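Single-structure report; data block below.
The values are calculated or read from the model by the stated rules, or taken from the named source; none is laboratory data. All figures in this text were calculated on a predicted structure; none of them were measured in a lab. Ideal geometry is used to build each Cβ from the backbone, glycine not excepted, and the neighbour counts take in all protein chains shown. The area values use the complete protein model at the heavy-atom level, side chains included, leaving out ligands, DNA and RNA. Shrake-Rupley method; radii C 1.70, N 1.55, O 1.52, S 1.80 Å.
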Amino acid sequence: MSDRLLNRHVAERRVKRLRRFAVSLIGNQNAADRVVLDVMRIHKSVLVSEKCPTMQLMILLQAVYQDIRSRQSRSQNISLLNPLRSELVNTFVKFQSLAYSQKAIISLLLIEEFSPEKVSQITDIPLSQIDFLISKSLDFLSEGDGLKIVSG
């Protein structure tokens, strides 16, 4: 595979991961795409730098995390899912009602498969709190019908 093709493939995977992470935090694909585009526009130098792809991704994930946190974006679509009441939808709704930092931690650990140390670096949350927040989040997500609906 040529270097140009390999670089394109790596860039496409990076964008997919950024989009997936942003959607997991916001709950809305269009809003997530706007955040990712803004971050990529602001951090062009990271995209063309000589840093390893993993480090580039970490920097961009951190930028997405901080951008969304500063905007305090919330999905307006959560209440639309409520009538469906399937287990998957209930879990999604409960996930969206988690605190922003908890959503980020769960997304980075379970979806993006980062270590707790990397999650701590991306979110600037001390490693000592990561395990506590994971436990608290998973307890909430695995609760019965004690569903809290939060819409923004």
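A few remarks follow.
- Counted residues, the range 32-65 - those being in contact with a helix residue (DSSP H, G or I) (Cβ under 8 Å, 6 or more places away or on another chain) and either touching a residue at least 24 places away in the same chain (Cβ under 8 Å) or part of a helix (DSSP H, G or I) (or both): 21
- N7 at pLDDT below 85, open to solvent by 50 Å² or more (accessible area, probe 1.4 Å) and in a helix (DSSP H, G or I): yes
- Any hit, the range 98-114, residues being small (G, A, S) and over 14 Å from the mean Cα position of the chain (by Cα): no
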